[in-house]
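See below for the structure under consideration.
Rule-based calculations on the coordinates, nothing more; no lab input. Remember, predicted model here, so these are calculated numbers, not experimental data. All Cβ positions, glycine included, derive from the backbone under ideal geometry; neighbour counts span all protein chains shown.
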């Protein structure tokens, strides 16, 4: 039953039998920026450990973002108390707030708008209570800029390196994005987003191991795991990594809040669902080399395919 529930809740990202980069965003009907899963306590504990040990790697902000950070704190707090009232509460007396996290048994009183009354900057504070990574992009001069963020579970990128960059600069390393003008189309799409009309998408990769923190700065630690993949261990060792990415236009500052919730599923569990097994085998076999290279799966793609194809033979 637990495995059935896990598969039912897993945000499987594919629709067809091939994959290409695209703007695959769709309207977010359940307009909540935050999801609370059974892994909440473990992931929050890991988040806080990383923030304590690597503060500059996991949190960055520009001084002009404080107003937007307060808007994000209010926005996310409202979602937490609206969609998860049994887990979170906020008491308000004018600008005097008390944020209550029932899961962690924590309370924090502060004066809304006065960062000196919080132990961390507003975005950093509220980010320590949610499983999602959160990126704040501000709009100016006809572009979007990554001006603040809390990023503990990146998929091979660096917040410290990217902070201050424009949307196109951030996505420049993705093969084909610029040549196919996909960066311009997606930027235009986001720039036209309106407050109250959020969107979401799913992004995927494969992960050798089950590490959530796959930052560029720690590549020497987790990158070596790619060499350990074999067709014999791929089922338990390799995971389908899916990011549920949600985009919200903030009405007061006109910025974009980008939340990222990372999910991992071992291939052994994916293979237990025949439809997914067949589809993902086709996708991985057909995946163009430049996409496989960018996603970092070239070195062990054949081992994974051998594992998946053997599971298919068993199901026939």
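Using only DSSP helix segments of four residues or longer, with each worth -39500 (n - 2.57), what per-residue ellipticity at 222 nm results for the chain after dividing by its residue count and rounding to 500?
That comes out to -10000 deg cm²/dmol.
What full-extension length gain, to one decimal in nm, is calculated for residue 8 and residue 140 as 0.36 nm per residue of separation minus the Cα-Cα distance?
On the way: separation 132, 0.36 × 132 = 47.52 nm, distance 4.08 nm.
My answer for the length gained is 43.4 nm.
So what is the relative contact order of the chain, in percent, for Cα pairs below 8 Å that sit 6 or more residues apart?
Details: 505 pairs, mean separation 64.7, N = 316.
Relative contact order here is 20 percent.
At R0 = 41 Å, how high is the FRET efficiency between residue 53 and residue 78 if r is their beta carbon distance? Nearest 0.05 is fine.
With R0 = 41 Å, the Cβ-Cβ based efficiency is 0.85.
Give, as ranges by residue number, the residues of segment 7-38 whose backbone N falls under 14 Å from the point 7 Å along Cα→Cβ of residue 180.
Under cut-off, by backbone N: 18-25.
What FRET efficiency would be calculated for the residue pair residue 231, residue 66, taking the C-beta separation as r and a Förster radius of 51 Å, to the nearest 0.05?
Values: r = 52 Å, r/R0 = 1.02.
Efficiency, rounded to the nearest 0.05: 0.50.
What are the extents of the Cα atoms of segment 1-59 along their three principal axes, in Å, largest first?
Largest first, segment 1-59 extends 41, 34, 25 Å along its Cα principal axes.
How long is the gain from residue 316 to residue 117 if the chain were fully straight, where each residue apart is worth 0.36 nm and the alpha carbon distance is subtracted?
Extra length from residue 316 to residue 117 when fully extended: 65.4 nm.
If you wrap a convex hull around the Cα atoms of segment 217-267, how much volume per residue is inside, in Å³?
Values: hull volume 4.3 nm³, N = 51.
So the per-residue hull volume is 85 Å³.
How far, in nm, would the chain grow between residue 17 and residue 218 when pulled straight, counting 0.36 nm per residue and subtracting the alpha carbon separation?
Numbers: separation 201, 0.36 × 201 = 72.36 nm, distance 3.29 nm.
Value of the extension gain: 69.1 nm.
For the chain, modelled as a GNM with alpha-carbon contacts under 10 angstrom, which of 212, 144, 187 fluctuates the most?
187
Counting other C-beta atoms within 10 Å, which of 126, 283 has the fewest, and how do the rest follow?
So the ranking, lowest neighbour count to highest, is 283, 126.
Between residue 29 and residue 272, how many nm apart are label points set 7 Å from Cα along the C-beta direction?
2.7 nm
Would you calculate the volume per residue, in Å³, of the smallest convex hull containing every Cα atom of the chain? Mind showing how you got there, number by number?
Working: hull volume 43.3 nm³, N = 316.
About 137 Å³ per residue, rounded to a whole number.
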